[in-house]
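See structure below.
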Amino acid sequence: MRPRKSRSPKPSGLKTPRLPEPSNREFAEFAKNALGFGSNPPASIESLRMLSAEKEKAKGSLAETRKFYDRHALEFSRMFKPVFTEKELDAIMRVGNIMPDDKIASVGSGNAVLESFIAKKLVPKGRVSCVDISKELGLIAKSVAEKSGAKNLSIINGSATHLPFKDSTQDKLLAIQTDLSETPFFRQFLKESRRVLKKNPDSRLVISQPADSAAVARIVLELTASGFRPVARGQYSVSLGGFGFTNVILFAMPVSPMKSIGQRH
């Protein structure tokens, strides 16, 4: 039997071993303390429909998207339920290869509850940078970060199309429940993601959103064309059910050198 080869040589030594994985109950309690979810009544079906229709109209323009989330920042924060994020967190911990000293960027981070938890519990020796187009959501995120006690977390007002990071500086990049793949800016976001991610087998791009099989196939084509490949052979996505719709979380890693298309970064 051949000895198994090391996945990725580290010029400065091995990375810090992973920390024990927190339980979903721990995340739920963390989220409750950060935003006071227990006192928030569920949004009505009519309210959700109106928000969805308004969001659909805004998603073709960055300026309109910014205005939409600024108008409804408090509503979206109140609608946040830990149960919707627990399965995503579980998948990120299982497949995302998060290490305690990772530098993680989260795009469309919203109220930053998940990111604050990751910063404090999963990457205590690293850093999490939250990028969101909405200044109002950024204010809520700063309050959440302060309540969480996470000292290694930054809240940045910015766009997915021009990420405020230098080339090859991030270990992981998250886009959780952003619907970026349904906007005209998705390919530019992937180009930026590939630019800022380190080009090694431990790097991860993590995208989570509701999607059917046709949508997943379209996203996979975009990922491949933009210089990414699946983390597991032939498998980009993990299906997360249980909410009345199919939620999919996709894990990809940048190919180096880029072979899919002739872009230069």
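The values are calculated or read from the model by the stated rules, or taken from the named source; none is laboratory data. If you're wondering where the values come from, they're calculated on a predicted model, not measured in any experiment. Cβ sites come from the backbone with ideal geometry, for glycine too, and all protein chains shown count toward neighbours.
Report, by residue number, each residue of region 145-177 that is surrounded by 21 or more Cβ atoms within 10 Å (Cβ to Cβ) and over 12 Å from the mean Cα position of the chain (by Cα).
The answer is 145, 148, 150, 153, 155, 163, 170, 171.
Output the number of residues of region 199-218 satisfying the condition of being modelled with pLDDT of 90 or more, crowded, with 18+ Cβ neighbours inside 10 Å and either among the hydroxyl-bearing types (Ser, Thr, Tyr) or outside any strand (DSSP E or B) (or both).
Counting residues in region 199-218 that are modelled with pLDDT of 90 or more, crowded, with 18+ Cβ neighbours inside 10 Å and either among the hydroxyl-bearing types (Ser, Thr, Tyr) or outside any strand (DSSP E or B) (or both) gives 1.
Filter region 163-181 down to the residues that are touching a strand residue (DSSP E or B) at 6+ places or on another chain (Cβ under 6 Å) and not in a loop (DSSP other than H, G, I, E, B) and list them by number.
Passing the criteria: 170, 172, 173, 174, 175, 176.
Looking at region 41-69, which of the residues that are of a type in the set (Gly, Ala, Ser) and not in a helix (DSSP H, G or I) is modelled with the highest pLDDT?
61
Could you grab me the full set of residues in region 108-140 that are within 23 Å of residue 63 (Cβ to Cβ), within 15 Å of the chain's Cα centre (by Cα) and either assigned to a helix (DSSP H, G or I) or of a type in the set (Asp, Glu) (or both)?
132
Hey, could you check region 178-193 for residues that are surrounded by fewer than 21 Cβ atoms within 10 Å (Cβ to Cβ) and among the polar types (S, T, N, Q) and say which is modelled with the lowest pLDDT?
183
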